[in-house]
Protein chains: 2
Amino acid sequence: MKKAKRARLAAGGWRVGTAAQFLCLSAEESALVETKVTLSQALRRKRVVLGLTQHQLARRLNSSQSRVAKMEAADRSVSIDLLLRGLFALGATIGEIGRVLQRIAA
Amino acid sequence: MKKAKRARLAAGGWRVGTAAQFLCLSAEESALVETKVTLSQALRRKRVVLGLTQHQLARRLNSSQSRVAKMEAADRSVSIDLLLRGLFALGATIGEIGRVLQRIAA
DNA sequence: TCGGGATATGTCAGAATAGACATAGATGCA
DNA sequence: TGCATCTATGTCTATTCTGACATATCCCGA
């Protein structure tokens, strides 16, 4: 969040914190969630860049459109394993995924 | 595998290939397995460096020694989610995990 | 050789996740 | 507006994963 926006919200009486704070997540839990969200975003980005629909990706994964939608939404019912399977099915490499993870840490 | 060893084995009549070839894994499947094995190795390394036993790590994870053993052995019954939980419980950062994944790609 | 801690392996009941389907909402075009 | 396509959400059952326990194996110091 930009400092300016943070200041605006604070001025308006909003208490500003991270999602992790709001949900009372421990450091480990939020790292896991952050990883998951990052991978789900990478999945959507990669699918869109390749010009595929959720349905098309689902067929590659022997899965369903609704599951792909949940993957991209980082739904509770989606595992990191499944997200990685999706990314690899779209041609991602391990190194590419490593880079994506390093980027959010910066 | 070193070239010399490969040559020795070939000379001895062995057919030399990767584990993925032997197990008939697709590119996606083997990427997933490679990721899993890499993370399991990172977990063991990190645990040993910290001087913890499997039992001690298990307690941090609210799990059992036997499960930690399986995690480090990259057992079929272990998810990547669980491996990441283990790594984060040992203080690993997302960036650190990203680096580990990039390294094997090199 | 024994004893004790650490690690490995097999199994199981319960919890979490998977694919599938129905359906709702969104978007764009004729 | 009506229709077609894409995406989102809720729910079901089957499968997979998880913690726990029992037990086996390994390793080392006394």
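Every number here is computed from the coordinates shown, using simple stated rules; none is lab data. Please read all numbers here as calculations on a predicted model, not as lab measurements. Don't worry about glycine lacking a Cβ; one is built from the backbone with ideal geometry, like all the others, and counts go over all protein chains shown.
Data for the structure
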| quantity | calculated |
| --- | --- |
| Hits in the range A:77-86 (condition: more than 7 Å from chain B (Cβ to nearest Cβ) and either out of contact with any Leu (no Cβ under 6 Å at 6 or more places or on another chain) or among the polar types (S, T, N, Q) (or both)) | A:S77, A:V78, A:L82 |
| Residue match in the range B:21-28 (condition: assigned to a helix (DSSP H, G or I), in contact with a Phe, Trp or Tyr (Cβ under 7 Å, 6 or more places away or on another chain) and within 16 Å of DNA strand D (Cβ to nearest atom)) | yes |
| For A:A73: the one exception among (1) among the aliphatic types (A, V, I, L, M); (2) more than 14 Å from chain B (Cβ to nearest Cβ); (3) more than 12 Å from the chain's Cα centre (by Cα); (4) closer than 30 Å to B:A92 by Cα | (3) |
| Output for the range B:87-106, where each listed residue is more than 18 Å from A:E96 (Cα to Cα), at the interface with chain A (Cβ under 7 Å from one of its Cβ atoms) and not small (G, A, S) | B:F88 |
| Tally, over the range B:51-72, of residues that are closer than 19 Å to A:I80 by Cβ and among the aliphatic types (A, V, I, L, M) | 3 |
| Residue within the range B:60-67 that is farther than 20 Å from B:E96 by Cα, within 11 Å of DNA strand C (Cβ to nearest atom) and in contact with a helix residue (DSSP H, G or I) (Cβ under 6 Å, 6 or more places away or on another chain) present | yes |
